Amino acid sequence: MDAVRCSVEYLSEFSDCQSHSVRIIQDGTNLFLASGHRDVFVFNVQERRVTTVMQFDASVTNLALSEDKYRLYALCANGGLYCTPLPQLSSSSVLVNKSPDRVLDIVSDDSIVLKNVSLQAFTIVEKILVTLSLHKSIWSFDLYEEPGSRPLRKLACFQVATVNSCRLNTTDKEKSVNCPPVLTCIYPKGSTSVSAQQSDLHPYLEPRLFRLLFGVDASLVNSPIILCGLPDGRICCFPLLVPTLAGPRGEQRSPIRVLQSLEQPIVFIGTCVSGEHGPQCLIAVGQRGKLLMVRSKQASSEAKEADYSFNEHSVRGPVLCVCVDDKRLYYSTLNDLHVLQFTTISSSEATGTESQQQTLTSDSLGVCRVVALAQPYTNPTGSVQLLGMSLSGRLLRVNLPQASEKGNVSRLPSSLAGQRVKDLLASIGNIWERAESLKHKLQEKNESLKRLNQVINVCSLLLDTHGNEKKFNMGTKHPINCHGVARWSSLLQRDSLTLTCVLENSSGCTLEHGWTLCIQVHPLSQYSNIESSSRTYSFPLRKLDSNQKLDVTIPLESVDGLSLPVKVYCSLTFSLANLFSPEASSPGVSQLLTETGSISAPLNSLTVDWLDALRLEGSFSHGNIRHDSVTDGIQAFLRARGALTKDSDTTSKSGPVAVVIRVSSELLKAKLHISVTSSSETCTSVLNWLVSPEAIGQKKSVQSPVVCAYSPDGCSVKIMAKEVTLGDLCSEGPLEVMEIRVESTSVAAVCGLHHAILRRLQVLLRDSTVKGCHAKQLKAQSLCEAVRHVESLYKDLQDAQNQAALGGTMTTNKSSEILFRIFLQLRANPLVIL
């Protein structure tokens, strides 16, 4: 686009403008300026100063001069239409002209001629006030006599329904202000009703096109035509002076018809010269740059009058304001001010089917931020002057060069035209390469955003699940969870305890490349070094779709041997570097994300204890048991509790060691949902829950109230369950108690199994509540005896510790025997878990 050399002058400066409400009306040397505020300025162009400030009650949105130019109409935001005499015609006009200071004229409410909050636009034609209002999705054209007396006499009312693309009502007036409707009056050229004063207020159209567009009736009576550009893009028209006709049933027919639709808000409707014989073109400009030109076709060779044509063009938008002169159209896009030149191709040069074609040539004037334009003025020298208002409130005068100056510009020599084309083609090639590179980068960013969105969704799901763990514990399955089962496996005639973890994806998300399943194993023994013995296993995921599972197996035995119990933590991690593909062209961002780290979201946690590591008889080969490691395992376990040293004997020489846990039968049945009534079946169900909790509801692995198994250290153990009746514990009567007894020659096995059973009972009592159980009233005597027994054991324990601390003659073996005896007595008379 070529740039036209022009000069810009700053005539004055006002406050910042509201771009949708700026109006400029020029009357000779005076300008009427409304910048979207309460004040309307009367500016004298020759003197370059404001002569009068007219102040209204509300911000002014539209202005118009009466046809005699003696009164000013102003539409305000409060819905009031004011009519006030111009300051030059007031009684103090002589003083105003002589005074160098501006005069403040406050317009009172007495000047309101019409009050309608839904009023959108108005115009004055043939001493008729035409208003346009919007009420309940109906556009209403109301015609009044020009204000001469109060109240106004209404002449007619025509209505047009809105369309779906413009859902407006009276409450949406503020939204419609950004694209207010445009009202324009067009006269036929040569009309006797057009006076010299009106010729510069309203455009006119040559008679033939006027008759073709608006009908013979309007042309015969020289009726002005009201054209309205609605915000939905429709251009409606109706004649002002043609009487309305009645329909076949006697109803009044609306004279309004839709001329065309630009499908975008209308900014301007006017006329322009499109040839050598006067104004032959009707022009409408849309907000987004659509330009409509309606002109009559040339007469055919048979001297028959041809029809008219609608031609649509596009200019750069958005268009804020427009004005026209004889053969040019000026429009502002806020970023620049453009001039559109209309030229005609003669029949000898035309290549189309028509004898003449319209071409558009657009030039840039290099002026930005213009939001309102007055009618162009051509001085005697041939140069064009444009008066406009900028967004910052500056009044500008743009002086364009004479028409002959542009015509004398030398054309480019033909020898340089080829080089210019080559340069343009090279520039197009460079732009294409840059566009392809940007397209590739955009695709990479879109893929990265998709991965990031997937990661955020998964993390949100996991964090919500982890934060609402209580809700999910009530029988609800986690969308993404990991559970494990401990099993013994044999490899090269050596048994080892492994943990099989199953990752289940029951959510709607897909765990794609970049996610890693991390399993951390932490021994709970006080003797082991947690930092050195803790282990982490990572399993990268390729793709785990919804409703799929992943099985992984990890060893539970470390270099120092098997140390139970252990805590297993499962989590999902995502490395931020995987947001970018390996061939991504953003190494800096990828390196930054790599240094940042990863996102980790917790899953489930579980504890593997001695009960999980039991091997039932008949489920393995006896030759694989490592009996030679029994003593080492027991010593390691008791050393972890601080009870023995390396040389201490942890195997009972007097026989098997036993511990007993007593639990209320009613409590166990309620917690485990045991419905059988037989005592033997109840005991079998309790042992099944202890030995293989994952088999609940499946085939039972225990068939009798006695479980014979081997502990992880290779010693044989027995777990027995039986129901006993205690008559001296509860004041309400005998109490049914489930007695769980553990026997083994290995003290370590007995302690480990005792700890595991107590832990299971704690988890069972914590996770749910019992319905139907009531508090038991215990006998005070039995409780006192139990307390006295525990106090005596505590006294024996303190005496043994004091002798060892004072350096007495007590040997290590004797101290261990005392501690071992206290341990057996504590477990020989246990309390009952109610």
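The values are calculated or read from the model by the stated rules, or taken from the named source; none is laboratory data. All values reported here derive from a predicted model rather than from experimental measurement. No Cβ is skipped: glycine too gets one built from the backbone with ideal geometry, and neighbour counts run over all protein chains shown. Side chains included, ligands, DNA and RNA excluded: accessible areas come from the protein's heavy atoms. Shrake-Rupley method; radii C 1.70, N 1.55, O 1.52, S 1.80 Å.
Based on the Cβ-Cβ distance from residue 806 to residue 763, what FRET efficiency comes out when R0 is 60 Å, to the nearest 0.05?
0.90
Amide H to amide H, which residues 5 or more places from residue 746 or on other chains are under 5 Å from it, using H placed in the peptide plane?
Here the answer is 657, since their amide H atoms fall under 5 Å of that of residue 746.
Rank by packing, highest mean first: peptides 285-291, 568-574, with packing defined as the count of other Cβ atoms within 10 Å averaged across residues.
285-291, 568-574
Once both labels are modelled 7 Å past Cα along the beta-carbon direction, what's the residue 573-residue 244 spacing in nm?
Here the modelled spin labels are 8.0 nm apart.
For residue 307 and residue 548 in the same chain, what is the full-extension length gain: residue separation times 0.36 nm, less their Cα-Cα distance, in nm?
79.6 nm
Among 750-756, 325-331, 41-47, what's the highest-first ranking by average C-beta atoms within 10 angstrom per residue?
Put in order of decreasing packing, that is 750-756, 325-331, 41-47.
To the nearest 20 debye, what is the magnitude of the charge dipole of the stretch 8-49 about its Cα centre, counting +1 on the Cβ of each Lys and Arg and -1 on the Cβ of each Asp and Glu?
100 debye
In nm, to one decimal, how far is the modelled label at residue 383 from the one at residue 115, with both set 7 Å along Cα→Cβ?
5.1 nm
Report the net charge of residues surrounding residue 675, where surrounding means a beta-carbon distance below 12 angstrom and charges are Lys +1, Arg +1, Asp -1, Glu -1.
Details: positive: 669; negative: 681.
In short, 0.
Please give the net charge around residue 579, taking every other residue with its beta carbon less than 12 angstrom from that of residue 579, where Lys and Arg add +1 and Asp and Glu add -1.
0
Step through the table entries 127/327; 69/290; 671/722, compare each Cα-Cα distance with 24 Å, and write down the pairs that go over it.
Over 24 Å Cα-Cα: 127/327; 69/290.
Within a Cβ distance under 9 Å of residue 188, other residues only, what is the Lys/Arg minus Asp/Glu net charge?
Once all neighbours under 9 Å are counted, the net charge is +1.
Sort 488-500, 218-230 by the packing proxy (mean of other Cβ within 10 Å over each peptide's residues), most packed first. Intermediate results must be reported in sequence, preceding the final value.
Values: 488-500: 13.1, 218-230: 21.7.
So the peptides 488-500, 218-230, ranked by packing, come out 218-230, 488-500.
Taking 7 Å along the Cα-to-C-beta vector as the label spot, tell me the residue 53-residue 453 distance in nanometres, rounded to one decimal.
With each label point 7 Å from Cα toward Cβ, the separation is 5.4 nm.
For a quick check of understanding: with a 1.4 angstrom probe and all protein chains in place, what accessible area in square angstrom does residue 84 have, to the nearest ten?
In the full protein context, residue 84 sits at about 10 Å².
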